[in-house]
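See below for the structure under consideration.
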Amino acid sequence: MTQAYLTGSLRRGPFDLSYQVEGDGPAALVIGSARYYPRIFSSALRRKLCLAFIDHRGFGQALGAYGPADAGLDQVLADTEALRQQLGLGRCIIIGHSGHGYMALEYAKRFPEAASHVVMIATGPSHSPADAALAERHWQEAVCPERKARFAADMAGLPALLAAAPERRFISFCLAMAARSWFDPGFDAAPLWADVSVNMPVIDQLWGQAFRDLDISAGLDQLTIPVLLALGRCDYLVAPAEAWAPHRAAFRDLTVRIFDQSSHTPPLEQPAAFDAELLRWLGV
């Protein structure tokens, strides 16, 4: 597919989900926020891929009241398929960063005819207490005192931010976790979050329940398409790369790439290296 530039939205239940399409080449559907994620991927990548950035319900505009039945992973996957059809993408690459990596993988399981490849970026094997403990041990054992001090200072300011804007607590938390989630512990990610809206009940249900309880191995025996797992060596937000070891054999076609000078966002922290690895893997 070739697409220069397109914006719009699709009404799904009580949510208006925006999309933004940029670039030329094979189509890649990027699940998450149609405002945040265009800021993460390089302009060079847009010369090789047609990137379709889409909201899920955690970031779409809520037009009415909604409850737990409107905020589950099943609804997100159905929305993703509706947006793919709305955009006329055909069979395409599915990309998910962090928790959205679970969405990308589960979407490919649910709609195998729609996905040609899955790309999971900075995604841990689960949000379970066990994997959270591995992430904490990695942080305690691998991190210098200066980075830990920066994290402590940022976290000390978090309660005031939460009290001032509880509806933005997901964003405030992400910003306060800079020392764990960026190669440069002082990186200011606030511009990336500019004008991004958050539906906290949806985020809480997805991150606090769906991802915590998700068994990524379920259904992998039926998934035949290639999967790329792109991880940052200095990512202290999720479990380290070795936590994936028990799950690797369940994938039929898994490639793992680790970026040495990245933390939680290799496409932004090492754009040239990330682009080269992604395009080489895709054969583009």
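The values are calculated or read from the model by the stated rules, or taken from the named source; none is laboratory data. Remember, it's a predicted structure, so these values are computed and weren't measured experimentally. Heads up, the Cβs are rebuilt from the backbone with ideal geometry, glycines too, and the neighbour counts pull from every protein chain shown. Accessible surface areas use protein heavy atoms only, side chains included; no ligands, DNA or RNA. Shrake-Rupley method; radii C 1.70, N 1.55, O 1.52, S 1.80 Å.
Every residue, every condition in (1) among the basic types (K, R); (2) in contact with a Pro (Cβ under 6 Å, 6 or more places away or on another chain); (3) open to solvent by less than 10 Å² (accessible area, probe 1.4 Å), yes or no:
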{"residue": "D154", "(1), (2), (3)": "no, no, no"}
{"residue": "A179", "(1), (2), (3)": "no, yes, yes"}
{"residue": "W182", "(1), (2), (3)": "no, no, no"}
{"residue": "G186", "(1), (2), (3)": "no, no, no"}
{"residue": "P191", "(1), (2), (3)": "no, no, no"}
{"residue": "N199", "(1), (2), (3)": "no, no, no"}
{"residue": "I203", "(1), (2), (3)": "no, no, yes"}
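Condition check: open to solvent by 40 Å² or more (accessible area, probe 1.4 Å), of a type in the set (S, T, N, Q), out of contact with any helix residue (DSSP H, G or I) (no Cβ under 8 Å at 6 or more places or on another chain) and at negative phi. Does S33 satisfy that? So S33 does not fit the description; no.
Does the stretch 21-41 include one or more residues that are over 18 Å from the mean Cα position of the chain (by Cα) and among the aliphatic types (A, V, I, L, M)? Taking every residue of the stretch 21-41 in turn, none turns out to be over 18 Å from the mean Cα position of the chain (by Cα) and among the aliphatic types (A, V, I, L, M).
R248 passes every criterion in (1) under 27 Å from V143 (Cβ atoms); (2) surrounded by 14 or more Cβ atoms within 10 Å (Cβ to Cβ) apart from (2). Mind telling me which of the residues L223, L192, L231 ends up being more than 20 Å from P129 (Cβ to Cβ) and in contact with a strand residue (DSSP E or B) (Cβ under 6 Å, 6 or more places away or on another chain)? After ruling out the rest, the residue left standing is L231.
Table: residues versus (1) under 30 Å from A272 (Cα atoms); (2) among the acidic types (D, E); (3) open to solvent by 10 Å² or more (accessible area, probe 1.4 Å); (4) not in a strand (DSSP E or B).
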position	(1), (2), (3), (4)
L10	no, no, yes, no
E22	yes, yes, yes, no
R46	yes, no, yes, yes
A69	no, no, yes, yes
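Being aliphatic (A, V, I, L, M), over 26 Å from F259 (Cβ atoms), modelled with pLDDT of 95 or more and open to solvent by 30 Å² or more (accessible area, probe 1.4 Å) is a description that does not apply to A149. Annotation note: Cβ proximity below 8 Å between a residue of the stretch 17-40 that is basic (K, R) and a residue that is crowded, with 21+ Cβ neighbours inside 10 Å (sequence gap 6+ or interchain) occurs for R35/F59.
Taken over the stretch 83-110, residues that are surrounded by fewer than 21 Cβ atoms within 10 Å (Cβ to Cβ), in contact with a strand residue (DSSP E or B) (Cβ under 6 Å, 6 or more places away or on another chain) and assigned to a helix (DSSP H, G or I) amount to 1.
Taken over the stretch 251-272, the criterion of being open to solvent by less than 40 Å² (accessible area, probe 1.4 Å) and among the aliphatic types (A, V, I, L, M) is satisfied by V256 alone. For R233, are the conditions met, namely being out of contact with any helix residue (DSSP H, G or I) (no Cβ under 6 Å at 6 or more places or on another chain), of a type outside the set (F, W, Y) and open to solvent by 10 Å² or more (accessible area, probe 1.4 Å)? It is true that R233 is out of contact with any helix residue (DSSP H, G or I) (no Cβ under 6 Å at 6 or more places or on another chain), of a type outside the set (F, W, Y) and open to solvent by 10 Å² or more (accessible area, probe 1.4 Å).
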